[in-house]
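S.K.: Quick one: this structure, given as structure tokens, is what I'll be asking you about.
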Amino acid sequence: MVVTSTGFSELARFTGKAGGVENLRIAEYPGPLGIHDPDTIAGNVAQTLVQQIVDGLTRVESRPGEAGEADAAGAREPVFTGTYDEIARFFQLQEWSDGLPFVPPTIERIGQVLRYTDRPADEEIAVLPSANRRATPWSIAANAVMAGCLPVHLPLLIAAVEALGDERCSLNNIGSSSGIFPYVLVNGPIIKQLGIACGPQAISRGPNPAIGRAIGLIVRNVAGFRPGASYMGTFGYPLAFALGENEDESPWAPFHVDQGFERGSSTVTMGVTNNWGSAPAPYDTPDLPGAQVALELLCREMTRKTRLFNFPGRGPNAEHVMLTLLLSPPVAKSLAAAGYSKADVKRHIHENARMPLRDFEWVVKYTMIMRTSLRELVQAGILPGEFLGKPDDLVRILSSPDILHVVVCGDPHRNRVMVLEGGHTRPTTKPIRLPADWKALSKEAAG
Amino acid sequence: MRADKISVVSPVGVEAVQRAGSARRLGDFHGKTIGEIWNGVFKGDVTFPIIRKLLTERYPGLKVIPYTEFPHAQGSDQPAQQRARAQRAAALAKEKGCDAIISGNGA
């Protein structure tokens, strides 16, 4: 018997089904429990919840399975024939599209895409939570077609799906009402081979928007994250995006080298974020050099990242957070010129991103879902002793330098930074496997 | 847009989950034991005591084991740890003689 609140019962049913339980018994509390006062909660529990619990535990109920599912044999069969407008309406009804015009996934187009991999069309690339459905080159290609990707993008998308299916990525948790959505980071020679944008306006140019959109559709259709059913972002989601690291303009080793890959290998990294936010600019001034301003600015940005108040990376059952620092090349170069390596930057931010204990405690007490005090957390060894200090003490809000990830990208003539804040996942990098005849195929794709 | 008809395939992945049957319903609560499993968030410490009180008042033969007798810390978001925690909770429920579990709160 599972207790949910309004709007989350579909998610509970979906989660049960993905775990193999078709008829999960659910009792639904009416409304947003978090903001209800004790009398309202007591009344709602007595008037509506308890009887549902009794019924659920003592009576038999059944629900039909989800419509539109294909079995292994039927996945490649046409499911609809019609004009473009009719197909668009059908896909909208099935919630298979993101609301934008799309390229119809025909068997012919999917066949053209599948030429760009050596892997069998029905090979299991990953089983993607939360629906626990098999992603295959076929299903990846179908969504790539819809998104407007070119066939030549398929190897990158397959690697991205491998990353999404890796438990380190922990995709299962992105349905959070905080609104987490994926992004794609590309490294290595493939950036130039595919023309992935990594400079000015990176996420908006070249093939990047189509690649990001394809990942968003895969997360919807293969992983099964449907807005309002299992994808519960309170205010919704922007389109997933893709970017390349501007490796030529970076003073440091690129991101994938930090993850243990050879510089000459091509990789894709799946990350998540809650935001595509402001891009403040550090300036060199007479009293403070630009590199120092950049570091202080990044530390200030950290104090606005609400996921840090969930104590990520702390304790035996620590949750994940990933803070991705997008640094434009001039900012990265000014830091490197001042003697900072990437590891130095992370260490500095870990040590110096601080806020008054009273402010930290206020956020935790009044805006977080936890029901545990800071004192209890310190006593449990989850938070360090400094969180039992005086209200004006400045406490370090990052658990470790390791939750920071640095990517150099964007306009090589602008001095701006952006901090992407995502939760529950770790950036997960996979190598891109190219087909044996890649040279000929990519030449053909280039026309 | 063009008006000629075309055939399309589903972009949905193939299911990989083996179906499991639901547990048998209790029939009635007489002489039964129910456990509470809470993950430490969304005010379960407020709702579970109310649910417990109402159920035991209504069904005097029912025993409810509070969430405090099970692990009830927040997290984790790591699949392997989540599975391990669920298995531990299920084993503990069995050990305590539970006929059913109420888990929550979800939001």
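Derivation of every value follows stated rules applied to the coordinates shown; laboratory data play no part. The structure displayed is predicted, hence computed values, not measured ones. Here the Cβ is made from the backbone with ideal geometry for all residues, glycine too, and neighbour counts use every protein chain on show.
S.K.: Quick check: from the Cα gyration tensor, does the range A:154-200 come out rounded (a/c under 1.5), prolate or oblate?
M.R.: Note, shape of the range A:154-200 comes out oblate.
S.K.: Turning to a different aspect of this structure: Label points 7 Å out from Cα along the Cβ direction at B:ARG24 and B:ARG88: separation in nm?
M.R.: The modelled label-to-label distance comes out at 3.1 nm.
S.K.: Moving on. With N set to the residue count of the range A:337-386, report its C-alpha Rg divided by 2.2 N^0.38 Å to two decimal places.
M.R.: 1.54
S.K.: A follow-up question, please. Semi-axes, largest first, in whole Å: what does sqrt of 5 times each Cα gyration tensor eigenvalue give for chain A?
M.R.: Over the Cα atoms of chain A, the ellipsoid semi-axes are 36, 35, 16 Å.
S.K.: Setting aside same-chain residues fewer than 8 positions from A:LYS443, which aspartates and glutamates have a Cα under 18 Å from its Cα?
M.R.: A:ASP118
S.K.: Something else about it: In sequence order, what are the phi-derived ³J(HN,Hα) couplings for the range A:89-105 according to the Karplus relation 6.51 cos²θ - 1.76 cosθ + 1.60 with θ = phi - 60°, rounded to whole Hz, with x for glycine and proline?
M.R.: With coefficients 6.51, -1.76 and 1.60, one gets 5, 4, 5, 5, 5, 7, 6, 8, 10, 9, x, 8, x, 9, 7, x, x Hz.
S.K.: Whole-Hz ³J(HN,Hα) for each residue in the range A:159-167, computed from phi via Karplus 6.51 cos²θ - 1.76 cosθ + 1.60 with θ = phi - 60°, x for glycine and proline: what do you get?
M.R.: With the stated coefficients, the range A:159-167 comes to 4, 4, 5, 4, 5, 4, x, 6, 4 Hz.
S.K.: Sticking with this structure for a sec: State whether the range B:33-104 is rounded, prolate or oblate according to the following rule on the C-alpha gyration tensor (a ≥ b ≥ c being the square roots of its eigenvalues): a/c under 1.5 gives rounded; otherwise a/b larger than b/c gives prolate, and the remaining case gives oblate.
M.R.: Oblate is the answer for the range B:33-104, as a/c is 1.5 or above yet b/c matches or exceeds a/b.
S.K.: So for the range A:2-58, considering every pair of alpha-carbon atoms, how many percent are separated by more than 16 Å?
M.R.: Distances greater than 16 Å cover 45 percent of the Cα pairs.
S.K.: Would you please give the residues with an amide H less than 5 Å from that of B:LEU26, counting only those at least 5 places away or on a separate chain, with H modeled from the backbone geometry?
M.R.: When sequence neighbours closer than 5 places are left aside, the close amide H contacts are A:THR58.
S.K.: What net charge do the residues around A:SER97 carry, taking every other residue with its C-beta under 15 Å from that of A:SER97, with Lys and Arg at +1 and Asp and Glu at -1?
M.R.: Here the charged neighbours net out to 0.
S.K.: So, one more: Per-residue ellipticity at 222 nm for the protein assembly as shown, helices alone: DSSP H runs ≥ 4 residues times -39500 (n - 2.57), over residue total, nearest 500 deg cm²/dmol?
M.R.: The per-residue figure over the protein assembly as shown is -9500 deg cm²/dmol.
S.K.: Shifting gears a bit: Can you sort A:SER265, A:SER130 so the residue with the fewest Cβ neighbours within 10 Å comes first?
M.R.: Fewest-to-most ranking of A:SER265, A:SER130: A:SER265, A:SER130.
S.K.: While we're looking at this one, here's another question. Could you calculate, for the range A:290-423, the ratio of the Cα radius of gyration to the Kirkwood radius, expressed as Rg to Rh?
M.R.: My calculation puts Rg/Rh at 1.00.
S.K.: Search the structure for amide H atoms under 5 Å from the amide H of A:ALA242, placed 1.01 Å from N in the peptide plane, and list their residues when 5 or more places away or on another chain.
M.R.: A:VAL184, A:GLY212
S.K.: Anything over 19 Å Cα to Cα? Flag those among A:LYS305/A:LYS365; B:LYS32/B:LYS96; A:LYS192/A:LYS333; A:LYS17/B:LYS43; A:LYS346/A:LYS430; A:LYS390/B:LYS43, in the order listed.
M.R.: Beyond 19 Å: A:LYS192/A:LYS333; A:LYS17/B:LYS43; A:LYS346/A:LYS430; A:LYS390/B:LYS43.
S.K.: Shifting gears a bit: Okay, which of the range B:4-19 sit inside 14 Å, backbone N to the point 7 Å along the Cα-Cβ direction of A:GLU108?
M.R.: B:4-9
S.K.: Sticking with this structure for a sec: When a/c is below 1.5 the answer is rounded, else prolate if a/b is larger than b/c, else oblate, so apply that to the range A:261-335 with a ≥ b ≥ c taken from the square roots of the Cα gyration tensor eigenvalues.
M.R.: oblate
S.K.: FRET efficiency for A:LEU150 and A:GLN92, Cβ-Cβ distance as r, R0 = 30 Å, nearest 0.05?
M.R.: 0.75
S.K.: For the residue pair A:ASP392 and A:ASP284, what label-to-label distance in nm results when each label sits 7 Å from Cα along the Cα-to-beta-carbon direction?
M.R.: 3.7 nm
S.K.: Which cross-chain or sequence-distant (5 or more) residues have an amide H under 5 Å from the amide H of A:ALA126, H modelled 1.01 Å from N in plane?
M.R.: A:ALA135
S.K.: For the range A:256-308, run through the chymotrypsin sites (Phe, Trp or Tyr not before Pro) and keep only the ones in DSSP coil with at most 16 other Cβ atoms within 10 Å of their Cβ.
M.R.: Here the chymotrypsin sites (Phe, Trp or Tyr not before Pro) that fit, given the DSSP loop and packing criteria, are A:TRP276, A:TYR283.
S.K.: Moving on. Sum up the charges of everything whose Cβ sits under 9 Å from the Cβ of A:VAL127, counting Lys and Arg as +1 and Asp and Glu as -1, but leave A:VAL127 out.
M.R.: Computed value for this residue: +1.
S.K.: Over the C-alpha atoms of the range A:79-261, what are the Rg and the largest Cα-to-Cα span, Dmax, in Å?
M.R.: Rg and Dmax of the range A:79-261, Cα atoms, are 16.3, 54 Å.
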